[in-house]
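Contents: one structure, followed by commentary.
The values are calculated or read from the model by the stated rules, or taken from the named source; none is laboratory data. Predicted model only: the values in this text are computed from it and were never measured. Ideal geometry is used to build each Cβ from the backbone, glycine not excepted, and the neighbour counts take in all protein chains shown. Note: accessible area is taken over every heavy atom of the protein model, side chains too, but ligands, DNA and RNA are not part of it. Shrake-Rupley method; radii C 1.70, N 1.55, O 1.52, S 1.80 Å.
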Amino acid sequence: NMSLAVSGVFCAAVTPFNADLSPDHGLAADHARALLADGCHGIALLGTTGEANSLSVGERMGLLEAMLRGGVAPEQLLPGTGVTAIPETVELTRHALDNGVNRVVMLPPFYYKGVSDDGLFRSYAELVERVGDDRLRVYLYHIPPMAQVGISPALVERLLAAYPRSIAGMKDSSGDMANTRTMLERFAARGFDVFPGSERFLLEGMRGGGAGCISATANVNAAAMDRLFRAWREPGAERLQEELNGIRSVVERLPAVPALKAIVAHHAGDPGWATVRPPLVELDAPRREALLGELSGRGFSMAGL
C-alpha cells in the first residue's frame, strides 16, 4: 500500500532505569539500536510499555534527546506525547518537532471517564492548533484496556475532515481485531496508517491494508516479527504468525513490563535491566525462572543481544 506514510514493525520500547530509578540514557539508546539492527523499522518510545506515565515531562524529553544523540534517526522514532494536561502534551509534541521527530503517538486525556466524542474532538483540535506546525503527524492512541477512554470511528472521521494533514493514523491497542478491521475498512484507503498494538494481528492487519504493528513483545522478538512483515503474502505466513502468537502467549500471562525487562536482563546478562518504577514491581525469582524456562523450551533466543 503505497499511501502508507510509515510501515513495519515498531517496538513499544521498554525504558531502562538506573539503580536510583532515573532513566538510563545510554542503555536506552543501545537497546534502540539493537532493535533496529534486529529488524524493527522504528522505535515507539514512551508508550505504555515504556512506563511513560511514570515519567515527568523533562524525563521524557531527555530520553528522546538521548535516542537522537545515540544515533537513532528522527524518522525512526514514534514517541508518545499524550498526557492528561493539554499544555504538557503541546510541550512534548513541540519538543519532538524541534528535534526533527514529526510523528507522535497521542493518547487522549485519560483521567475523566465517559467523555464524549465532542470533548475528545476538542482536545485533539486544541492540540493540533496550539502546536501549529504543518510537519506534525499524529497517531491516535486507542487503548481502552488501559486508558478506558477510546477513539471511535466517528471521532476519527471528524478529525480527518478537520485536520487531514495532521491526523496520520492510529495505534489500535484494543486487542479487538473487529475494531481494527473497522478502522482499516473505513480509513486505510485514505492514507490513514492503522497499526495494531500487538503482533497477534500482524498478518490479518497486513491483509486488510494495515501498516504493520507496534508491539511490546518486539523488545525480545523483533526479528521474527520482521520476517512475517516481509513475508506476509507468502505461503507459510500463517505458521510464522502462530510462532509469534506462541511467544506472545507466554509473555502475556505475566505483567508485561516486568516480564519483558526480565527477559532482556537475562539475555543481556545485566540484572539492572529488570528495574521498573513504582507502582510496578519486578518479577519474583520463581516467576522469572518459569518464564525463562518456558521460553527456552520453545527454542526462543534473543538474536540481537
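Key figures
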quantity: Looking only at the range 134-147, and only at residues there that are of a type outside the set (A, V, I, L, M, F, W, C) and exposed (fewer than 14 other Cβ atoms within 10 Å of the Cβ), the one that is farthest from the chain's Cα centre (by Cα); calculated: 134
quantity: Residue match in the range 38-45 (condition: farther than 20 Å from residue 93 by Cα and not in a loop (DSSP other than H, G, I, E, B)); calculated: no
quantity: Boolean, residue 52 is within 20 Å of residue 197 (Cβ to Cβ) and either within 16 Å of the chain's Cα centre (by Cα) or surrounded by fewer than 24 Cβ atoms within 10 Å (Cβ to Cβ) (or both); calculated: yes
quantity: Residue among 114, 197 that is of a type outside the set (Ser, Thr, Tyr), farther than 27 Å from residue 76 by Cβ and open to solvent by 10 Å² or more (accessible area, probe 1.4 Å); calculated: 114
quantity: Near pairs, Cβ below 8 angstrom, 6+ apart or cross-chain, from the range 106-129 (farther than 19 Å from residue 80 by Cβ) to any residue that is surrounded by 15 or more Cβ atoms within 10 Å (Cβ to Cβ) and aromatic (Phe, Trp, Tyr); calculated: 125/163
quantity: Subset of the range 78-90 [surrounded by 19 or more Cβ atoms within 10 Å (Cβ to Cβ), out of contact with any Ser or Thr (no Cβ under 7 Å at 6 or more places or on another chain) and not hydrophobic (A, V, I, L, M, F, W, C)]; calculated: 79, 80
quantity: One residue from 210, 191, 272 being under 27 Å from residue 170 (Cβ atoms) and at pLDDT 95 or above; calculated: 210
quantity: Residues located in the range 250-304, provided they are free of Cβ contacts under 8 Å to residues at least 24 places away in the same chain and open to solvent by less than 30 Å² (accessible area, probe 1.4 Å); calculated: 265, 274
